[in-house]
1. With both bridge residues required to lie in the chain, what share of the DSSP beta bridges run antiparallel, to the nearest 5%?
2. Quick check on the chain: what are the equivalent-ellipsoid semi-axes from the Cα gyration tensor, as sqrt(5λ), descending, whole Å?
3. Go ahead and run the numbers for FRET between residue 214 and residue 161, Cβ-Cβ distance against an R0 of 25 Å, rounding to 0.05.
4. What whole-number value in cubic angstrom gives the convex hull volume per residue for the C-alpha atoms of the range 93-231?
5. Run the simple label-point estimate for residue 102 and residue 190 please: 7 Å along Cα→C-beta, distance reported in nm.
6. Can you show me the helix-derived [θ] at 222 nm for the chain, built from DSSP H runs with n ≥ 4 at -39,500 (n - 2.57) apiece and divided by the number of residues, rounded to the nearest 500.
7. Please give, to one decimal in nm, the separation of the simple spin-label points placed at residue 43 and residue 232, each 7 Å out from Cα toward the Cβ.
8. Run the simple label-point estimate for residue 31 and residue 50 please: 7 Å along Cα→C-beta, distance reported in nm.
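Just so it is clear, none of the values below were taken in a lab; they were calculated from the coordinates. Quantities reported herein were computed from a predicted structural model and do not represent experimental measurements. Cβ sites come from the backbone with ideal geometry, for glycine too, and all protein chains shown count toward neighbours.
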């Protein structure tokens, strides 16, 4: 009898939620349950009753019926990270409209490659070594400081008379970590650094390096993936 009572009570409390769901959109229900949580979009997933919530730089999931948020990734039995794939697609759409004139341009190859990077990021240096040997790409570099002192080093690069050489010297390790930094007070340089930060935020960038190549986002320095994209 005790077990039966629990089942009846569960149905009683779930039923009103089902009625509510029929009359309200997922967006309306989400706003009601989580009024402090902002979002750009809420879309259904392949899992019944589970919706993807995109904040502009992060994805999590929402179950209206249970009024709960789920954090983490949805991964298929084949090992495909659907969360990462969806997030990359959203970032790609935003990166397609980036104002490339604001970036540090490197090279004159036929294939444009957009990168958000931090000069103290080890994987960014690996990427630099890879791309510096290629003549078939034009790099458009946006700075996104992740580490504590990166902001100063970015300004050191932007303040230099020869930005490209200073960038290359830093990324190739010719300038050691204790080298004095030239941080100017030029308002244009300050504005450029702020613009890069703003564009990174708008695109949903959360880490470095991040690349945009032929309409695809590559999150991290994945040499094999980048190589394939450049060959196709």
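1. 75
2. The equivalent ellipsoid of the chain has semi-axes of 45, 20, 15 Å.
3. 0.15
4. Spelled out: Cα convex hull of the range 93-231, divided by residues, is 104 Å³.
5. That separation, rounded to one decimal, is 1.8 nm.
6. Using -39500 (n - 2.57) per qualifying helix, the result is -13500 deg cm²/dmol.
7. 1.8
8. 2.6
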